[in-house]
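Colleague: Mind having a look at this structure? Questions to follow.
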Amino acid sequence: MQAVLAQMDLEDALLGIDKMPSTLTDEEKKRKDRKALTQLHLHLSNEILQDVMKEKTAAALWKRLEQICMSKTLTSKLHMKQRLYAHRLEEGASVHEHLTVFKEILSNLEAMEVQYDKEDLGLILLCSLPPSYSTFRDTILYSRESLTVDEVYDSLTSYDKMKHLVVKPDSQGEGLIIRGRQDRNTDDDRGRTQERNHRGKSKGRSKSSNRENSGEADVVEDYSDGELLVASVNDSKVSEEWILDSGCTFHMSPNRDWFTTYETVSEGVVLMGNNASCKIAGVGTIKVKMFDGVVRTLSDVRYVPELKRNLISLSTLDSKGYRYTAESGVLKISKGSLVVMKGQRKTAKLCVLQGSTVTGDAAVASSSLSDDDITKLWHMRLGHMSENGMVELSKRGLLDGQGICKLNFCEHCVFGKQKRVRFTRGIHNTKETLEYIHSDLWGPSRVPSRGGANYMLTFIDDFSRKVWAFFLKQKSDVFSAFKSWKIMIEKQTGKQIKYLRTDNGLEFCSDEFNRLCKSEGIVRHLTVRHTPQQNGVAERMNRTIMEKVRCML
């Protein structure tokens, strides 16, 4: 409304007659105010107009409108926030209209001085989408560390435009799209599919007329839900290699003879990146012999005769609990500690599976296993048994008559079977008292002593094994306790402390502690962090003392 008044050079009237430019006469100010008031009346609905008809100036009417429509009370803010959180996109509704209403709500909230973080608004908008947008929502959430509402606007608008692209089956491209829907066609006429028009009503159409007239592709109604992207390449010859594809949502193959189980699908197409379409003829399973000789089964493989590449979906494997890592051109797919698939990066930067497809009892691409591969295979099958154990089983004829050779390095055995190296006993050839002192701080205790002590500080002489124990209330008392004990013991023995062994605790490594040891010529022996075994004398004494305490209690 402000734009309309500005176009007619009447925006000054909203400020009031008194605040109009002084260059205007009183009559011109009144005339300008009447024109602005008339424009406001013409653009208001009857319901609002009844509440503001008594206002005689444009400024008064505008102020009244702000009170009615842009009230900043808690009730108005609550109502607008409820609209924001309850705003939902219905299935089949217009995304453009949904975004328009969403932006209108945000504008009203900004006028009420209600501020939201852009990331929160983006998440609220994603939550307003229906279940059919789950793939889009997951892609947005898992593909970035942060997002803003503007990024969600742009992505959602682009996604909506892609869904309405007209399919033109003229040539093959580099990308494939499978379009699906959730509801299953229950029409008795199997030659027709159901489509919803822009008014939400259902209308029937034949598959042939659909492709010829509108270019719209049929959907995979039994096996597809959502929009899927995969990568492919142009080739005149069908390849026997399997491509490991991170963008493909389902496994696909153009080789009908490879399927061990097969179910015909009467409807469904694959949409290419350039809007060409390929028909999906069926769904089944294919057996593949992997790099280690193990035959594994790919389930829910789509049979697409017009494809030129066999595609293995990494996202499908990920949803089944597998994980994949790539390094130095080698892609490894594993489950737990077992590598089940390997891929090698070749020309065109495609990752090709190391293995062969099995049809019946024969492999399309022969893959003879070497003795090293056989040994490694039995090693993994037998739960990573040792080489000597497998040799013994081979001698007894328990490995199908296959021989066992030298077992190569196994990374999983190193990580799965290793143990920490045993700490050797420290040797200190002390010749007199106070030559080597062990010390440690125990605590805090769960229950303070009657004197309020929570810690116990011990000093142990390595030569005589005499122990001094001090009870402290705080860790910060360690330095004063050590200083007092040092003065006392050196006075009584007439000797000086030469070496002090402690851990890396801050109570032993403070600046004042280090300065004292340096000034007195005491050599510090500190343990490695998180390795109490290197201070075993003091640690064992703590255990001995606490065992005695528990027995006495």
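The values are calculated or read from the model by the stated rules, or taken from the named source; none is laboratory data. Here the structure is a predicted model, which is why all the values come from computation and not from measurement. Note that each Cβ is placed from the backbone with ideal geometry, even for glycine, and that neighbours are counted across all protein chains shown.
Colleague: Could you tell me which of the residues V537, V467 is hydrophobic (A, V, I, L, M, F, W, C), surrounded by 14 or more Cβ atoms within 10 Å (Cβ to Cβ) and in contact with a Lys or Arg (Cβ under 9 Å, 6 or more places away or on another chain)?
Modeller: V537
Colleague: Out of all the residues in the stretch 288-301, is one or more modelled with pLDDT under 85 and more than 30 Å from G403 (Cα to Cα)?
Modeller: No - not one qualifying residue is present in the stretch 288-301.
Colleague: Quickly run through the stretch 11-32 and pick out the residues that are under 18 Å from E66 (Cα atoms) and either more than 56 Å from the chain's Cα centre (by Cα) or without any contact (Cβ under 8 Å) to a residue 40 or more places away in the chain (or both).
Modeller: Of everything in the stretch 11-32, those that are under 18 Å from E66 (Cα atoms) and either more than 56 Å from the chain's Cα centre (by Cα) or without any contact (Cβ under 8 Å) to a residue 40 or more places away in the chain (or both) turn out to be E11, D12, G16.
Colleague: Any idea how many residues of the stretch 370-424 are assigned to a loop (DSSP other than H, G, I, E, B) and of a type in the set (G, A, S)?
Modeller: Final tally of qualifying residues: 6.
Colleague: Then there's this: If I filter the stretch 414-436 down to residues being touching a Ser or Thr at 6+ places or on another chain (Cβ under 9 Å) and among the hydrophobic types (A, V, I, L, M, F, W, C), which single residue comes out as nearest to T493 (Cα to Cα)?
Modeller: Out of the qualifying residues, it is L434.
Colleague: Let me ask something additional. Among the residues of the stretch 401-409, are any of a type in the set (A, V, I, L, M) and either surrounded by fewer than 18 Cβ atoms within 10 Å (Cβ to Cβ) or at pLDDT 85 or above (or both)?
Modeller: Within the stretch 401-409, not a single residue is of a type in the set (A, V, I, L, M) and either surrounded by fewer than 18 Cβ atoms within 10 Å (Cβ to Cβ) or at pLDDT 85 or above (or both).
Colleague: Can you tell me how many residues within the stretch 317-336 are over 18 Å from L350 (Cβ atoms) and either in contact with an Asp or Glu (Cβ under 7 Å, 6 or more places away or on another chain) or surrounded by 11 or more Cβ atoms within 10 Å (Cβ to Cβ) (or both)?
Modeller: 5
Colleague: Suppose we keep only residues that are in contact with a Gly (Cβ under 8 Å, 6 or more places away or on another chain) and of a type outside the set (A, V, I, L, M, F, W, C) within the stretch 452-474. Which one would you say is farthest from Q534 (Cα to Cα)?
Modeller: Out of the qualifying residues, it is K473.
Colleague: Can you name the residue in the stretch 310-329 that is of a type in the set (V, I, T) and in contact (Cβ under 8 Å) with a residue 12 or more places away in the chain and, of all such residues, is farthest from K342 (Cα to Cα)?
Modeller: T316
Colleague: Looking only at the stretch 400-431, count how many residues are over 42 Å from the mean Cα position of the chain (by Cα) and assigned by TED's automatic domain parsing to the domain that holds H384.
Modeller: Qualifying residue count, the stretch 400-431: 6.
Colleague: Among the residues of the stretch 468-515 satisfying the criterion of being out of contact with any Phe, Trp or Tyr (no Cβ under 8 Å at 6 or more places or on another chain) and among the β-branched types (V, I, T), which is nearest to Y455 (Cα to Cα)?
Modeller: Applying the filter and picking the extreme gives I487.
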